[in-house]
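Peer 1: One structure coming up, written as structure tokens, with questions to follow.
The values are calculated or read from the model by the stated rules, or taken from the named source; none is laboratory data. Just so you know, these numbers come straight off a predicted model, no measurement behind them. FYI the Cβ positions are ideal-geometry reconstructions off the backbone, even for glycines, and counts take in every protein chain you see. The protein model used for the area step is the full one, side chains on, heavy atoms only, and it has no ligands, DNA or RNA in it. Shrake-Rupley method; radii C 1.70, N 1.55, O 1.52, S 1.80 Å.
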Amino acid sequence: MRKEDETRIAALQKRLAASEARFNNVVHSSPDGIVVIDYQGIIQYVNPASESLFGHGSERLVGESFGYPTLAGEKVDIEVLTADQNPTLVEMRIVDIEWEDQPAYLATLRDISERHALLSELHRSSKDLEHFSSIVSHDVRSPLRNLNLLTGWLLDDHAAELNTDALEDIQLIRKTTIRMQRLLEDLLHYSRVDRVRRISKDISLDEILDDALDNLADEMFRSGLQLEREKLPEIDCNVQQMVTFFQHIISNTIVHCERKPHVSIRCKTGPRLCHISIADNGVGIEEKYIANIFIPFNHLHSKDSHEGSGVGLATSKKIIEGHGGRIWIESRRGVGSVVHAEIPRHSSESKGLTNT
């Protein structure tokens, strides 16, 4: 053999040894368990993370039956019994490999018991929140309704007998009661956005906007709101939630406008996304407050002059993000604001979205 060939072979062997060393280091230091199983289901190799997971060393595990289903390409959750017989929930993935020139399976085992416990706790908290919402809906709103009725009857039956101060006090009670009712309604709706089952369908946003405007007809008439709108596209969305989105944004303009309100609705439509912009001539927002505008109950104006609950924009954000989109605001104090909402046209392009 020529010297050049010997040198080339030696270099290849050195690179191969270095590559194997790197691979062994990755496998050895992996936080996930790695197990090699032959086609008869017998364990051929385990890394240190697997030894910790099973509670036994490689000398005990290698040569034993793996005992769990091994179907390449599948991801399953299994319960692994540790040395002290405590079950640990594990996510297992299986791939085909070659091991010592023979076909085999490689199983990666990830301990998800903590994640499962956190999800269970989240589910329990969600149930608690749902129970709380039910209590608020029935047990808290009822006294407010009664208080509103009683003050109304008091005015109807005894208005002539009351002096000016007493009448003003009763009107203040009624106004405060109505505001509290609105706040509770908005809070309940905000808490339910994430829990409502996402039933979506292809529908024109023009139809959705029409429904929102119908719901706001009285407010629009009393405020004299002027509306400009472009033709909107058809998208795959939850109809009621998107009606609520438009309703909150337009209502917010009416509430926070010190002149005859004007709203302009525009839309840029691409193959995947549609970009909705809703511009108004409201009081606007100072730049230092814009970052916090979507926080619930974040009042930027006096409650005496503006009766919004401070939940509408927060609910709108949850709706748009629940559809896999994003929302932001551009604003100038004393000039007006533009709400931008970018939303996927098809639910298949939404990330983190639950369809039913």
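Peer 1: Hey, rough spin-label estimate for I97 and S30, points 7 angstrom out along Cα→Cβ, what's it come to in nanometres?
Peer 2: The answer from the label model is 0.6 nm.
Peer 1: Say each of R333 and E228 gets a label point 7 Å from the Cα, pointing the same way as Cα to Cβ; how far apart are those two points in nm?
Peer 2: 2.7 nm
Peer 1: Another one. Give me the number: length gained by fully extending E168 to K14, i.e. 0.36 nm times residue separation minus the C-alpha to C-alpha distance, one decimal in nm.
Peer 2: Numbers: separation 154, 0.36 × 154 = 55.44 nm, distance 9.28 nm.
Length difference between fully extended and current span is 46.2 nm.
Peer 1: What spacing in nm lies between the two simple spin-label points modelled at K127 and L149, each 7 Å away from Cα in the Cβ direction?
Peer 2: In this crude label model, K127 to L149 measures out at 3.4 nm.
Peer 1: Extension gain H56-L118, at 0.36 nm per residue separation less the Cα-Cα distance, in nm?
Peer 2: Working: separation 62, 0.36 × 62 = 22.32 nm, distance 2.75 nm.
Stretched fully, the H56-L118 segment lengthens by 19.6 nm.
Peer 1: Can you flag which of K175/K317; K268/K317; K75/K268; K231/K317; K231/K318 are past 31 Å Cα-Cα? Intermediate results must be reported in sequence, preceding the final value.
Peer 2: Details: K175/K317 28 Å; K268/K317 19 Å; K75/K268 40 Å; K231/K317 23 Å; K231/K318 25 Å.
The pairs that break the limit, which is 31 Å between Cα atoms, are K75/K268.
Peer 1: Let me ask something else about it. So which chymotrypsin sites (Phe, Trp or Tyr not before Pro) in segment 24-111 end up in coil per DSSP with only 16 or fewer other C-beta atoms within 10 Å?
Peer 2: On the way: sites: Y39, Y45, F54, F66, W99, Y105; in loops: Y39, F66.
Of the chymotrypsin sites (Phe, Trp or Tyr not before Pro), the ones in loops of segment 24-111 whose Cβ has at most 16 other Cβ atoms within 10 Å are Y39.
Peer 1: Given 0.36 nm per residue, what is the gain on full extension from D38 to R266 after removing their alpha carbon distance, in nm?
Peer 2: So the extension gain works out to 75.9 nm.
Peer 1: Something else now. In whole Hz, what ³J(HN,Hα) sequence does segment 242-250 give by Karplus (6.51, -1.76, 1.60; θ = phi - 60°), x for Gly and Pro?
Peer 2: 6, 4, 4, 4, 4, 5, 5, 5, 5
Peer 1: Now a separate question. If you count only protein heavy atoms and use a 1.4 Å probe, how large is the accessible surface of C257, to the nearest 10 Å²?
Peer 2: Answer for C257: close to 20 Å² accessible.
Peer 1: Test of the criteria: in segment 245-297, which GluC sites (Glu not before Pro) are in a DSSP loop and have at most 16 other Cβ atoms within 10 angstrom of their Cβ? The partial results should precede the final answer.
Peer 2: Working: sites: E258, E286, E287; in loops: E258, E286.
Sparse-neighbourhood loop GluC sites (Glu not before Pro): E258, E286.
Peer 1: Once R0 is set to 25 Å, what does the formula 1/(1 + (r/R0)^6) return for the Cβ-Cβ distance between K75 and R326, expressed as a FRET efficiency to the nearest 0.05? Before the final figure, lay out each step's value.
Peer 2: Details: r = 30 Å, r/R0 = 1.19.
It comes to 0.25.
Peer 1: Arranged from highest to lowest average of other beta-carbon atoms within 10 Å per residue, in what order do the peptides 243-254, 324-335 appear?
Peer 2: On the way: 243-254: 22.6, 324-335: 15.4.
Most protected by this proxy first, the peptides run 243-254, 324-335.
Peer 1: If you find the alpha carbon centre of segment 99-122 and of segment 227-264, how far apart are they in angstrom?
Peer 2: 47 Å
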